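Novice: Dumping the structure here so I can ask a few things about it.
Values in this text are rule-based calculations from the coordinates and carry no lab data. None of these values were measured; they are calculated from a predicted model. In this analysis, Cβ positions are derived from the backbone assuming ideal geometry, glycine residues included, and neighbour counts consider all displayed protein chains.
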Amino acid sequence: MTGRSVEFLFGESAGRIEVPLPDLPSGVKAYTVPKPRPDDDLEFSDDIDRVPRDRRGRVKPRQVDLLPAARAVPFCLPSTLSKSDLKWVLRTKSGRLWTGVVAQFGDRAWEAAAELVRSGVAVLRCSVDGFDYRPHVLRLTEGWQAARLDHLNELTGRQDPEVARATLAELLEGVRELSDELGRLKDIELGAALRAPVGSRTGTTVWSVFEDAVRGACYWYSHDGANTELTAKQVASEAFRDSKRWTPERETAFANLVGRSFTEAVKVTDVEILMRGPLRWHVGSVIADAHSTCPWIGLPAGGIELLGTVDQSDVRGVFVIENKDAFEQVCTNTDIYHRWLCVWGAGYASRPLVTFLSAFDQLPIAAWCDLDADGIGIINNLSVRLGREIHPVAMDVEWWAAGPHRRQTPSELERGRARAARLAIDGPVALRSLAAAIAPTGDGREQESQYREVLPILGPAVMRWEP
């Protein structure tokens, strides 16, 4: 992959199966509707099949979603629809019944819906009876649901550009850490459209995203956010003008300004996928650089559902680290991130992590986890859900036997013994001997106890999997 751009799409089609239906519009395909699973992000979930099936295991859906057949240009509204039509679409919250779509577009309803699907703006839910299908509900994709208000503001143009820029410049005057943003704002010519200034550290061109990120950063710096615990809700309620809602774009733009991942800058209930390596990530309209940002960038879990692209990449592989402290050690005390993308996904095989890793289907994936039944289980879960091999690093019987083993309660040991016994039979082939060694006692060794021995040799141990 050296020397060429990489682009991929995250979003609605993940975890689905295509359904062959006749006479679909050009550029549109039908996919199964994923069955709900309340434990979707649980570490030890065994239910990994979200495709609806009958009692014989056959895929016979009663509903399908119409999605784009090819990658859509991220956050690009279709030019074939009028401004008033686009405003109507972006004002959609939960969804629009097909009767409402027909009322808005009339005879153009089917054509307009197909264009919205092709462009990645909307999903059309249809009921299915054999090979017959009928449209039921039109809804925005997850990505557009998160970004619709920003783009709606762009269409409506309610703010006076000069007043908006002057108001934000006045707020920036007293914040030394954002003096460069103030300079860029003042350099914008009179009469220019209301857009984020060129070169802004926010990484966006959308004014509303830029404005809220700047307002949030001003509040954060003025309240000593680096040393004071501020909550995400507190920053939003105090800093934003017309919304208390963080979107993945705003979170990433704000993190770019304060130089920390979002969950490190403010207290939140959600987690991030942390990463460092040779790629640049587009979170909607915002760009985040995973290589130059030290020690890492954080991609909000909600951002995974956006239309995401990665470019200017020279990634040789993806290295998943279970524990956050170990992830920090890898990012700061090794040079692996120059070639491999190092990733921490909250310590278990969550749905956002699986979705993210699925985009790297042509690259090797390695993992370093705790040497216990749960660490083996994480690799097993990832391997099964991705349908591919995950290469374990520094995880064998010798490393485990060297100890020290962490102290556990009797119930924890019993659980470890039972799980290790199962994994010794049907777990990843490369880790079955380790699982068999753990099974009699349930003992486990944490990554943190391996730093002195593993970190100096981690580079060669990981890079041997390069193609």
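Novice: Put +1 on the Cβ of every Lys and Arg and -1 on every Asp and Glu Cβ in the chain; which of Ala113, Gly259, His291 then has its Cα farthest towards the positive end of the dipole?
Specialist: About the Cα centre, the residue reaching furthest to the positive side is Ala113.
Novice: Using modelled backbone amide H atoms (1.01 Å from N, in-plane), which distant-in-sequence or interchain residues come within less than 5 Å of Lys267's amide H?
Specialist: Leu230, Thr231, Ala232
Novice: Continuing with this model, one more query. Scan segment 365-459 for trypsin sites (Lys or Arg not before Pro) in coil per DSSP, keeping those whose Cβ has at most 13 other Cβ atoms within 10 Å, and list them by number. Kindly include the intermediate steps, with their values, before the conclusion.
Specialist: Values: sites: Arg385, Arg388, Arg406, Arg407, Arg415, Arg417, Arg419, Arg422, Arg432, Arg445, Arg452; in loops: Arg388, Arg406, Arg407.
In loop regions of segment 365-459 (DSSP not H, G, I, E or B), the sparsely surrounded trypsin sites (Lys or Arg not before Pro) are Arg407.
Novice: Loop only per DSSP, at most 16 neighbouring Cβ atoms within 10 Å: give me the GluC sites (Glu not before Pro) in segment 97-180, ordered by residue number. Walk me through the intermediate numbers first.
Specialist: Values: sites: Glu111, Glu115, Glu142, Glu154, Glu162, Glu170, Glu173, Glu177; in loops: Glu173.
Passing sites in segment 97-180 are Glu173.
Novice: Grab the DSSP H runs of the chain that are 4 residues or longer, score each as -39,500 (n - 2.57), total them, divide by all residues and round the 222 nm result to the nearest 500 deg cm²/dmol.
Specialist: Numbers: 18 runs with 170 residues, N = 467.
Helices in the chain give a 222 nm mean residue ellipticity of -10500 deg cm²/dmol.
Novice: Given the options Gln362, Leu24, Ala69, identify the residue whose Cα lies farthest towards the positive end of the charge dipole of the chain (+1 on Cβ of Lys, Arg; -1 on Cβ of Asp, Glu).
Specialist: Toward the positive end, the furthest listed residue is Leu24.
Novice: Let me ask something additional. Can you list residues whose amide H is under 5 Å from Arg96's amide H, if they're 5+ apart or on another chain and H is modeled 1.01 Å from N?
Specialist: Result for Arg96 returns Leu138, Arg139.
Novice: If you don't mind, there's one more thing I want to ask. Sequence gap of 8 or more, or different chains, plus Cα separation below 17 Å: how many lysine pairs satisfy both in the chain? Before the final figure, lay out each step's value.
Specialist: Numbers: Lys29/Lys60; Lys35/Lys60; Lys93/Lys244; Lys233/Lys244; Lys233/Lys267; Lys244/Lys267; Lys267/Lys324.
Counting lysine pairs in the chain gives 7.
Novice: Let me ask something else about it. Mind checking the full-extension length gain between Gln104 and His223? Use 0.36 nm per residue of separation minus the Cα-Cα distance, one decimal, nm.
Specialist: Numbers: separation 119, 0.36 × 119 = 42.84 nm, distance 4.75 nm.
Extending this stretch completely gives an extra 38.1 nm.
Novice: Here's something else I'd like to know. Under a crude label model (7 Å from the Cα following the beta-carbon direction), how far is Trp88 from Ser292 in nanometres?
Specialist: About 4.4 nm, to one decimal.
Novice: Arrange the peptides 370-376, 120-126 so that the one whose residues have, on average, the most other Cβ atoms within 10 Å appears first. Don't skip to the end; give the middle numbers.
Specialist: Values: 370-376: 25.9, 120-126: 23.7.
The most tightly packed comes first, giving 370-376, 120-126.
Novice: Can you list the residues of segment 363-386 with backbone N under 20 Å from a point 7 Å past the Cα of Gln408, pointing along Cα to Cβ?
Specialist: Only 368-382 pass the distance filter.
Novice: For segment 125-169, state which chymotrypsin sites (Phe, Trp or Tyr not before Pro) are in a DSSP loop and have at most 13 other beta carbons lying within 10 Å of their beta carbon.
Specialist: Numbers: sites: Phe131, Tyr133, Trp144; in loops: Phe131.
Sites meeting the loop and neighbour criteria: Phe131.
Novice: Hey, another quick one. Which of Thr441, Thr334 comes first, and how do the rest follow, when ranked by fewest Cβ neighbours within 10 Å? The partial results should precede the final answer.
Specialist: Working: Thr441 13, Thr334 19.
Lowest to highest Cβ neighbour count: Thr441, Thr334.
Novice: So, in nm, how far is label Lys267 from label Ala169 when the simple model puts each one 7 Å beyond its Cα toward the Cβ?
Specialist: So the label points at Lys267 and Ala169 sit 3.8 nm apart.
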